[in-house]
Amino acid sequence: MIMKKCSNFILAISLLLFGPNTRMEALPPINWLSVPHAKLCVTEGAIEQSSGNQMSVNVPKMRAFVTIVTTQDVEAHFTYLGKTLGKKPLGSGEMRRQFGLKLRAQDPCNLVYAMWRIEPESQLVVSVKSNPGQHTSTECGNRGYRNIKPAHSLSVPVLRPGVTHTLRAEMNGSELRVYADNNLVWEGNVGSEGGRLNGPVGIRSDNARLELELRAGQAGGAHPDYQLGCRPGSGEGE
């Protein structure tokens, strides 16, 4: 009986340590750099420059990516100011209010999203948009989205006008962690589809007014003057 109890105890400890819910290894530390307005390519909508590196968004649909070489780590310190004067539905026809981060944004058809949804429901959603062989919004539209189930997740605060929050995403290969106000709210693996994409980080909003400051991880060995090409008007179909 004693031996059986000991065996059960050891089995329980082993499941805790090595079971399917084992957390991923720590990601390497990040050297953050501030992203000014001049280092953003706005592919749809508009981003206005405020004081210092603070920016504002007042249009129903905004898409942008960072034009300097960075790691796949991005953080927005933002204040949600409420709904925009006009509103635009998604390509699917759904009306949604949200703000989020883009990672591995290879082109409008292939990228990873970490979106903080505001309305109709408050939640953090990670999705991969994958359309192999397609590279423009005309080709893929709003097709190819797949929401990723996390290994670990927590609910996010409800965004209320005038309240400041922080949204951060850290990605290493296909492993992704998303933090809201420095709390880990999403952790998981986006799969080979998302992990093999190669592109910059960026931001996106739908029907939300915002003030924000943006940071990204400094890439080792990148030339400080190198910039990615900017193609205004090449925003995502959704």
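Looking at R177, R196, R215 in this structure, which one is basic (K, R) and out of contact with any strand residue (DSSP E or B) (no Cβ under 7 Å at 6 or more places or on another chain)?
R196
Could you list all residues from the stretch 192-217 that are free of Cβ contacts under 8 Å to residues at least 40 places away in the same chain and open to solvent by less than 10 Å² (accessible area, probe 1.4 Å)?
Residues satisfying the conditions do not exist here.
Determine, yes or no, whether N142 is under 25 Å from I118 (Cα atoms), surrounded by 13 or more Cβ atoms within 10 Å (Cβ to Cβ) and out of contact with any Pro (no Cβ under 9 Å at 6 or more places or on another chain).
yes
Checking the condition polar (S, T, N, Q) and open to solvent by less than 30 Å² (accessible area, probe 1.4 Å), which residue from N131, N183, N172, N189 passes?
Within the list N131, N183, N172, N189, the selection yields N131.
Could you tell me whether the stretch 88-103 includes any residue that is under 14 Å from the mean Cα position of the chain (by Cα), of a type in the set (S, T, N, Q) and farther than 24 Å from N58 by Cα?
no
Which residue pairs have Cβ atoms under 8 Å apart, sit 6 or more places apart or on different chains, and have a first residue in the stretch 138-152 that is farther than 10 Å from N189 by Cα and a second that is open to solvent by 100 Å² or more (accessible area, probe 1.4 Å)?
H152/N21; H152/R23
Yes or no: V158 at pLDDT 95 or above, hydrophobic (A, V, I, L, M, F, W, C) and within 18 Å of F65 (Cα to Cα)?
It is false that V158 is at pLDDT 95 or above, hydrophobic (A, V, I, L, M, F, W, C) and within 18 Å of F65 (Cα to Cα).
Counting only residues that are without any contact (Cβ under 8 Å) to a residue 60 or more places away in the chain and either surrounded by fewer than 18 Cβ atoms within 10 Å (Cβ to Cβ) or touching a Leu at 6+ places or on another chain (Cβ under 7 Å) (or both), how many does the stretch 81-118 have?
Total meeting the criteria: 5.
The values are calculated or read from the model by the stated rules, or taken from the named source; none is laboratory data. Since this is a predicted model, take the numbers as computed values, not measurements. All Cβ positions, glycine included, derive from the backbone under ideal geometry; neighbour counts span all protein chains shown. Please note that ligands, DNA and RNA were not included when accessible areas were found on the heavy atoms of the full protein model with its side chains. Shrake-Rupley method; radii C 1.70, N 1.55, O 1.52, S 1.80 Å.
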